[in-house]
Amino acid sequence: MGVAGRVALVTGAGSGIGRSIGLRLAGDGVAVAALDINQPAAERTAAEITGAGGRAVAVAGDVADAAAVGGAVERARAALGPIHIMINVAGIGAFVPLLEMSQAEWDRMIAVHLTGTFNCTRAAVPDMLAAGWGRIVNTASVAGLSGGGPGLSHYAAAKGGIIAFSKALAHELGPSGITVNCIAPGLIDTPLIRSSLVTAELRARAIQGAPVRRIGEPEDIAAACAFLVSDAASFFTGQVMSPNGGRYM
């Protein structure tokens with residue numbers, strides 16, 4: 001059995017990278033549980049998939065809340081069957097200098113990105129173990145590799161933690177037929193980026209600094225994800241793939 005017919009849970013699926021990944025996997029024959037804290041957004045993604053002839057269900061929940069994740073995963077299983085593919089995308093973003101950063105801002109960044117990845121992965125892995133096959137793709141960032149820059153200490157720490165978590169799980173789950181990889185995107189044109197403090201000047205600088213002379217699109221990340229969950233990527237685990245237009249090499 002290849003990727004077609006499998007079931008994927010995609011977090012942050014209501015918009016941006018998560019939405020594009022959900023649509024791409026659905027196009028490859030995967031049933032998609034679109035999880036987002038924003039229920040209407042998750043429903044729109046699921047409706048796009050079913051409208052194109054695919055199988056999908058929308059489930060709402062805050063990935064930082066383990067109980068909410070457990071309930072969302074149960075609803076996804078009931079609608080689509082056991083989960084074979086876990087795609088952790090849900091995230092938030094903000095620039096906050098260290099000495100201006102509140103404890104709450106630090107805690108929330110870690111909770112959504114790192115704890116959220118832990119919560120969702122832990123909830124989905126039993127189905128993969130039962131199947132003897134699984135794919136986990138976690139979304140990090142070039143900030144987790146480079147530190148990101150001023151004002152991103154909480155974001156970079158969370159993304160660096162996701163990379164380390166993924167490598168550790170690759171060791172642990174590989175013998176059971178489950179691969180675990182990271183995608184660490186560069187600057188991608190998403191609603192989160194457009195609503196954050198990425199100014200027109202920073203955007204222009206990113207474009208000029210990239211050999212391909214553009215910033216990324218969500219579909220660029222979806223393409224990388226589609227490869228990592230496929231049988232063609234069965235020898236990839238514990239790896240960090242960084243689609244960034246060559247800005248970081």
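FYI, it's all coordinate maths here, none of it is from the lab. What you are looking at is a predicted structure, and each value in this text was computed from that prediction instead of being measured. FYI the Cβ positions are ideal-geometry reconstructions off the backbone, even for glycines, and counts take in every protein chain you see.
Things to note:
- Meets criteria (surrounded by fewer than 19 Cβ atoms within 10 Å (Cβ to Cβ) and of a type outside the set (F, W, Y)) for G18: no
- Residue that is surrounded by the most Cβ atoms within 10 Å (Cβ to Cβ) [pool: residues in the range 30-59 that are touching an Asp or Glu at 6+ places or on another chain (Cβ under 7 Å) and over 23 Å from G134 (Cα atoms)]: A42
- The one condition in (1) in contact with a Cys (Cβ under 8 Å, 6 or more places away or on another chain); (2) over 30 Å from A130 (Cβ atoms) that I183 fails to fulfil: (2)
- Listed here are the helices (runs of 4 or more DSSP H) enclosed by the range 135-195 that have at least 3 residues being over 17 Å from L228 (Cα atoms) and without any contact (Cβ under 8 Å) to a residue 24 or more places away in the chain: 153-173.
- Verdict on N119 being surrounded by 15 or more Cβ atoms within 10 Å (Cβ to Cβ) and outside any helix (DSSP H, G or I): no
- Residue, surrounded by the most Cβ atoms within 10 Å (Cβ to Cβ), within the range 221-247, restricted to residues that are more than 25 Å from G22 (Cβ to Cβ) and touching a residue at least 24 places away in the same chain (Cβ under 8 Å): R247
- Of all residues in the range 196-220, those being touching a Ser or Thr at 6+ places or on another chain (Cβ under 7 Å) and surrounded by 19 or more Cβ atoms within 10 Å (Cβ to Cβ) number 1.
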